[in-house]
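Derivation of every value follows stated rules applied to the coordinates shown; laboratory data play no part. Predicted, not measured: the structure shown is a model, and the values here were computed from it. Backbone-built Cβ (ideal geometry, glycine too); neighbour counts: all protein chains shown.
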Amino acid sequence: MSKVIFEDTSADNLIELRNISQSYDGGQSWIIKDLDLLIENKKGQGEFVAIMGMSGSGKSTLLRYVAGLQQPTEGEVLLRGKPVGPDNRVGMVFQRYSSLPWMTVLENVALALEYQGVSKKERNARAMEMIQMVGLDGHQHKYAQYPTLSGGQLQRVAIARSLLANPEIILMDEPFGALDIKTRLQMQDLLCEIWTKFHPTIVFITHDVNEAVYLADDIYILKHAPAHFAAHVHVDLPLDRNRLIKRDSRFTELVHYVEDKMIDVSNLG
Ligand SMILES: Nc1ncnc2c1ncn2[C@@H]1O[C@H](COP(=O)(O)OP(=O)(O)O)[C@@H](O)[C@H]1O
Ligand SMILES: [Mg+2]
C-alpha cells in the first residue's frame with residue numbers, strides 16, 4: 001500500500017507578533033496592549049500588509065520589533081518561528097535617511113552582501129541588477145545623499161538595498177511620506193512592479209488610504225493607546241496590480257470603506 005503523503009498546505013508563519021505589550025513607565029501605562037499579528041509565509045506569493053493608525057499609536061514601534069531594533073515589554077516577536085535576533089533581522093526603509101550618505105549608490109545596495117562575505121565582483125553584479133530594477137542605472141557611482149540624488153531616488157536606493165539584503169521581507173515605515181505627489185505615485189507603481197516580479201512580503205506603514213488600498217492585500221488598523229489592531233480589511237482586488245485598478249469601482253468602494261473604519265477605530269476608547 002502506498003504511503004499517503006499529505007502535502008503541507010499549512011503556510012508556516014513568516015512574521016508573528018504574539019501578545020505584545022509595550023510600556024515605558026514600568027507598567028503604569030501601556031502604549032501597546034495585547035497585540036497580535038500573524039503574517040503567513042505564502043510560498044512564492046508573498047503578502048502586502050499595510051499598517052495604518054493615528055500618529056503615536058505605535059506603528060513604527062511594531063516595525064522596530066520586527067527589524068530587531070527594539071524588544072517589547074511583554075510578548076514575543078517571531079520571524080519564521082524564531083525570536084528576532086542578530087542572525088535573522090530584517091532591514092527597514094524609513095521615510096528619510098535610509099542610506100549611508102558617505103557611500104555610493106552601488107556600495108549602499110551591495111552592503112548586505114559584503115557583510116555576507118560575497119565577493120566584490122558578484123556583489124556588484126547583483127547590486128547592479130537591483131539598481132536597474134529600481135530605475136537608477138547611471139547613478140550607481142553617485143553618493144547616496146541629498147541633493148546629489150532626489151528624495152525619490154534615495155528611496156529607490158533603500159528599496160534596492162532592502163530587496164538584495166532580504167528579498168523575502170521588506171519593512172517600510174511611511175517610505176513615501178516625504179515625497180511630492182508625482183514621485184509618490186511613481187514609487188507606488190515601482191513597488192507594484194517589484195511585488196509582481198519578486199512577490200516579497202512587504203509590511204508598509206502609511207497614512208494614505210488610497211496608497212494602502214492600491215498596494216496592500218490586507219490592511220490592519222491600530223487603535224490608539226493602549227494599541228492593538230482594531231480592524232482588518234482584506235483588499236479583494238487582483239494580486240498583481242497596476243494603476244488602472246484605481247479606476248475600478250471596487251477600488252473606490254474599498255477606499256471609502258477603509259476611511260470609515262479609520263474613523264470608527266479613532267472613536268474607540
Ligand atoms: N523611548 C520612548 N519613551 C517613551 N515613549 C516612547 C518612546 N518611544 C516611543 N514612545 C511612544 O510610543 C508611542 C508610539 O510611538 P510610534 O511607534 O513612533 O508611533 P507611530 O509610528 O504610530 O506614530 C508614542 O506615543 C511615542 O511617544
Ligand atoms: Mg511612526
Counting Lys and Arg as +1 and Asp and Glu as -1, each charge on the Cβ, what is the dipole of region 92-165 about the Cα centre in debye, to the nearest 20? 60 debye
Here the relative contact order (percent) of the chain, from C-alpha pairs under 8 Å and at least 6 apart, is 23 percent
Three-way shape label, region 56-101, alpha-carbon gyration tensor, a/c 1.5: oblate
Share antiparallel - DSSP beta bridges, the chain, percent rounded to 5: 55 percent
Among the DSSP H helices of the chain, those whose Cα atoms extend at least 18 Å along the helix axis and whose mean Kyte-Doolittle hydropathy is -1.0 or higher are 151-165, 181-198, 249-266
Modelling each spin label as a point 7 Å along the Cα-to-Cβ direction, I'd like the N88/S119 distance in nm, to one decimal. 3.2 nm
Which residue, I219, I169, I181, has the most motion in a Gaussian network model of the chain that connects Cα atoms within less than 10 Å? I181
Mind putting a number on the dipole of region 1-153 about its Cα centre? Charges go on the C-beta only, +1 for Lys and Arg and -1 for Asp and Glu, and I need it in Debye to the nearest 20. 400 debye
With springs only between Cα atoms under 10 Å, which of A110, A230, A50 fluctuates most in a Gaussian network model of the chain? A230
Could you give the spread of the C-alpha atoms of region 141-269 along their three principal axes, from largest to smallest, in whole angstroms? 50, 34, 28
Against the globular-protein guess of 2.2 N^0.38 Å, express the Cα radius of gyration of the chain as a ratio, rounded to two decimals. 1.04
With +1 on the Cβ of every Lys and Arg and -1 on the Cβ of every Asp and Glu, the dipole magnitude of the chain about its Cα centre, in debye rounded to the nearest 20, is 780 debye
XL table K43/K197; K33/K261; K182/K246; K33/K223; Cα-Cα > 18 Å flagged, in table order, is K33/K261
For the chain, what is the mean residue ellipticity at 222 nm derived from helices alone (per DSSP H run of n ≥ 4: -39500 (n - 2.57); sum divided by total residues; nearest 500 deg cm²/dmol)? -10500 deg cm²/dmol
Positive minus negative residues near A158 (Lys, Arg vs Asp, Glu; Cβ under 14 Å): 0
So if each residue of separation counts as 0.36 nm, and I subtract the Cα-Cα distance between D208 and R126, what length gain in nm does that give? 26.2 nm
Hey, what's the per residue convex hull volume over the C-alpha atoms of region 1-144, in cubic angstrom? 194 Å³
Once you compute Rg and the Kirkwood Rh from C-alpha atoms, what is the Rg to Rh ratio for region 92-165? 0.93
Within region 29-115, which chymotrypsin sites (Phe, Trp or Tyr not before Pro) sit in a loop by DSSP and count at most 12 neighbouring Cβ atoms inside 10 Å? Y97, W102
